[in-house]
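These notes are about the structure you will find just below.
What follows is calculated from the coordinates using simple rules that are stated; it is not laboratory data. From a predicted model like this one, the values you see are computed outputs, not experimental measurements. Virtual Cβ from ideal backbone geometry, glycine too; neighbours counted across all protein chains shown.
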Amino acid sequence: MEVQVNGDWKAFPDGTTIAGLLDALGAARQGIAVALDGEVVRRGDWAEVVVPAGARLEILTAVQGG
């Protein structure tokens, strides 16, 4: 399946969860938030939420500053 991640199309196996997708990307789990089709997904749900084909996923990193 193809999924848009931060604006770039990437291929993942069907049935991939958000947690699996982050693992496949090598993304850190600390200090990030994930939005699936514009809706923030709770960290506790990442292992259960399956990413559908054609979805738009945004991985956001917290930045400290003033």
If you add up the charges near residue 52, with Lys and Arg at +1 and Asp and Glu at -1, over every other residue whose beta carbon is less than 12 angstrom from its beta carbon, what do you get? -2
Rounded to the nearest 20 Debye, what is the dipole magnitude of the chain about its Cα centre when Lys and Arg each give +1 and Asp and Glu each give -1 at the C-beta? 220 debye
Given 47, 22, 63, which one lies farthest toward the positive end of the charge dipole of the chain, if we put +1 on the Cβ of every Lys and Arg and -1 on the Cβ of every Asp and Glu? 63
Rounded to the nearest 5, what is the percent of antiparallel bridges among the DSSP beta bridges in the chain? 85 percent
